[in-house]
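S.K.: Please see the structure below; I have some questions.
The values are calculated or read from the model by the stated rules, or taken from the named source; none is laboratory data. Keep in mind that this is a model prediction, so the values were computed, not measured. Positions of Cβ are backbone-derived with ideal geometry, glycine not excepted, and every protein chain shown enters the neighbour counts. These area figures cover heavy atoms from the full protein model, side chains too; ligands, DNA and RNA do not enter into them. Shrake-Rupley method; radii C 1.70, N 1.55, O 1.52, S 1.80 Å.
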Amino acid sequence: MSESLYIPESATKAEKYEAILPQIEALITGEPDLYANLANISAALKEAFDFFWVGFYLVKENQLVLGPFQGPIACTRISIGKGVCGTAWQEAKTILVPDVDAFPGHIACSSASKSEIVVPVFKGGLVAIVLDVDSDQLDDFDAVDQEYLEKLMGVLGSQL
């Protein structure tokens, strides 16, 4: 695969996901290095959707530890059940937050973050990684984002 993405300019959000997901899958398939894959996924999602922040937290020693990301500096460690990422890890499900200020216990790594979606990645039935995507706009994520990001994280999980 080349080091560039084809991203249709005047496409709907769903059409953009349909265009980039196979490209990301081709990019990570056959690459055994997890960090390389997480870095490329972060970069591809940032490039395609211009998200404020997109990256990964990995479960290590009973904490979420910051992994590859695109965007401003971020919180380094998050405990289970804390903030949106820790809640998604604890509940083992996607958490979609239209207004982070209304989320009980939200961890404000950046005051510019307004909405967020966190999608778990499973290995052996347990959460091993979470994808965290933040927007500087309120209510920026919806069922379309959830559907396609869950598909993408399923592909990633199948390679762990």
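S.K.: Translational D (Stokes-Einstein, µm²/s) of region 73-140 at 10 °C and 1.306 mPa s when Rh comes from the Kirkwood sum over C-alpha pairs? Present the calculation step by step, with values, prior to reporting the outcome.
M.R.: Details: Rh = 12.0 Å.
So the translational diffusion coefficient is about 133 µm²/s.
S.K.: Per the chain: cysteines with no other Cys C-beta under 4.7 angstrom?
M.R.: Flagged as lacking a Cys partner: C85.
S.K.: Between E15 and E31, what is the label-point separation in nm under the 7 Å Cα-to-beta-carbon projection?
M.R.: Calculated label separation equals 2.7 nm.
S.K.: Continuing with the same structure: In whole percent, how big is the carbon plus sulfur part of the accessible area of region 1-134, probe 1.4 Å, protein atoms only?
M.R.: Values: 3390 of 6500 Å².
Using a 1.4 Å probe with all protein chains present, region 1-134 comes out at 52 percent carbon and sulfur.
S.K.: Now a separate question. Ranked from the most accessible area to the least, with a 1.4 Å probe and all protein chains present, what is the order of K60, K123? List each step's numbers first, then the result.
M.R.: Values: K60 85, K123 115 Å².
The residues order as K123, K60, largest area first.
S.K.: Give the range of the longest stretch in the chain that excludes all GluC sites (Glu not before Pro) found in loop regions by DSSP and having at most 12 other beta-carbon atoms within 10 Å.
M.R.: 62-160
S.K.: Which whole-number percent is the relative contact order of region 14-79 (Cα, under 8 Å, 6+ apart)?
M.R.: 24 percent
S.K.: So if each residue of separation counts as 0.36 nm, and I subtract the Cα-Cα distance between A108 and Q159, what length gain in nm does that give?
M.R.: Working: separation 51, 0.36 × 51 = 18.36 nm, distance 3.13 nm.
Full extension of this stretch gives 15.2 nm more.
S.K.: How long, wide and thick is the chain, going by the Cα atoms along their three principal axes, in whole angstroms, largest first?
M.R.: 40, 34, 26
S.K.: OK, next. How high is the relative contact order of the chain? Use alpha-carbon pairs under 8 Å, at least six apart in sequence, and give a whole percent. Display every interim value, and only then the final one.
M.R.: Values: 292 pairs, mean separation 31.1, N = 160.
The normalised contact order for the chain reaches 19 percent.
S.K.: Report the full-extension gain for the segment E3 to N62: residue separation times 0.36 nm, less the Cα-Cα distance, to one decimal in nm.
M.R.: On the way: separation 59, 0.36 × 59 = 21.24 nm, distance 3.49 nm.
17.8 nm is the gain from fully extending E3 to N62.
S.K.: Across the chain, how many lysine pairs, 8 or more positions apart or on different chains, have C-alpha atoms separated by under 20 Å? Please give the number.
M.R.: Lysine pair count for the chain: 15.
S.K.: Another question, if that's okay. Given a 1.4 angstrom probe, what's the average accessible area per residue across region 1-156, in square angstrom?
M.R.: Working: 7580 Å² over 156 residues.
Each residue of region 1-156 exposes 49 Å² on average to a 1.4 Å probe.
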